[in-house]
Amino acid sequence: MTNQTTSPRVVEVMNTLNALGNPVIAAHSQRYFKTGPGEYGEGDVFIGIRVPVTRTVVRQFKDLSTPEIVELAQSTVHEHRLSALLILTSQFTRAKTVQQRAELFEILLMLVSSGHVNNWDLVDSSAPYIGAYLLEMPDYSDLLLALAQSEDLWERRTAVMLTAALIRAGIYQPTLELCELLMTDTHDLIHKATGWMLRVVGDQDIAVLRGFLDTYSATMPRTMLRYAIEHLDKPERDHYLKQKSLLA
């Protein structure tokens with residue numbers, strides 16, 4: 001498995017990963033991540049490495065330069081790109097200055113917009129953590145709105161997943177606004193992401209989740225609703241599902 005690359009360090013990462021590939025795992029991943037014609041991961045290439053094994057390799061190369069991370073993230077191989085994003089995330093969490101975190105945040109956005117962060121695991125392994133930079137921005141509303149209104153599925157999912165960091169900080173309104181905005185989105189992966197983040201909001205403040213559900217449970221996509229209510233007790237889950245059923 002080769003890619004056009006010039007950095008010896010990037011070649012070393014790729015070769016290390018390639019040596020760990022498993023054709024059986026690769027075939028399963030191709031199906032699981034929907035890489036067939038017309039599917040959301042169409043054309044993606046897997047070499048077959050479990051995520052814990054990938055993380056072990058990543059620890060060996062955690063200090064790649066940012067140009068090397070970008071180069072690795074531009075590989076055609078999914079596990080190469082995942083490794084790049086895990087390294088990027090690790091460097092973000094270890095960054096000492098706002099300037100360093102800003103640079104890494106911008107690299108993530110660039111990789112998303114250029115189509116190299118193009119499956120849900122790639123978004124979810126990076127955006128919820130690097131999204132902590134939002135807390136250091138004077139205003140992030142326009143950025144989140146632009147991503148959420150994008151025609152690109154992965155930019156929309158990134159918008160939602162970036163807000164995980166805001167939720168951890170007790171800031172819920174941006175997530176709620178995106179969930180309301182994306183309620184009419186037609187893609188199941190957006191329904192899952194918004195429902196997931198609503199559930200996380202509820203884990204932090206159940207009253208906020210209940211307020212959202214009281215307003216929208218009858219009209220929100222069923223997958224979004226099911227994800228959002230997953231941590232509620234059964235009577236309350238049944239109550240909100242009934243609201244949805246009454247409208248159907």
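Overview of results
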| read-out | value |
| --- | --- |
| Residue ranges of helices (runs of 4 or more DSSP H) in the range 91-209 with at least 1 members surrounded by fewer than 22 Cβ atoms within 10 Å (Cβ to Cβ) and basic (K, R) | 98-113, 164-168, 188-204 |
| Residues satisfying the stated conditions in the range 67-84, i.e. out of contact with any helix residue (DSSP H, G or I) (no Cβ under 6 Å at 6 or more places or on another chain) and farther than 19 Å from A19 by Cβ | P67, V70, Q74 |
| Filtered residues of the range 222-235 (kept if crowded, with 22+ Cβ neighbours inside 10 Å and touching a His at 6+ places or on another chain (Cβ under 7 Å)) | M224 |
| Test: residue in the range 231-240 that is in a helix (DSSP H, G or I), among the aliphatic types (A, V, I, L, M) and not assigned by TED's automatic domain parsing to the domain that holds V117 | no |
| Residue selected from the range 200-218 under the condition under 15 Å from S245 (Cα atoms) and of a type in the set (A, V, I, L, M, F, W, C), by the criterion modelled with the highest pLDDT | L213 |
| Positions within the range 133-158 being under 18 Å from I107 (Cα atoms) and among the aliphatic types (A, V, I, L, M), in sequence order | L134, L135, M137, L143, L144, A146, L147 |
| Residue list for the range 194-224, restricted to those being of a type in the set (S, T, Y) and under 21 Å from T158 (Cα atoms) | T194, T223 |
| Members of the range 225-248 found to be touching an Asp or Glu at 6+ places or on another chain (Cβ under 9 Å) and touching a residue at least 12 places away in the same chain (Cβ under 8 Å), listed by number | I229, H231, Y240, Q243 |
| Some residue of the range 70-78 being at negative phi, in a helix (DSSP H, G or I), surrounded by 15 or more Cβ atoms within 10 Å (Cβ to Cβ) and in contact with a strand residue (DSSP E or B) (Cβ under 9 Å, 6 or more places away or on another chain) | yes |
| Members of the range 171-193 found to be of a type in the set (S, T, N, Q) and under 13 Å from A159 (Cα atoms), listed by number | T175 |
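A quick yes/no check of all residues on (1) surrounded by 15 or more Cβ atoms within 10 Å (Cβ to Cβ); (2) under 18 Å from N118 (Cβ atoms); (3) not assigned by TED's automatic domain parsing to the domain that holds L82:
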| site | (1), (2), (3) |
| --- | --- |
| V13 | yes, no, no |
| G21 | yes, no, no |
| Q30 | yes, yes, no |
| G36 | no, yes, no |
| Y40 | yes, yes, no |
| D44 | yes, yes, no |
| V51 | no, yes, no |
| V58 | yes, no, no |
| D63 | no, no, no |
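The values are calculated or read from the model by the stated rules, or taken from the named source; none is laboratory data. Small disclaimer: the values here were computed from a predicted structure and weren't measured. A quick note on method: Cβ atoms are made from the backbone with ideal geometry, for glycine too, and the neighbour counts reach across all protein chains shown.
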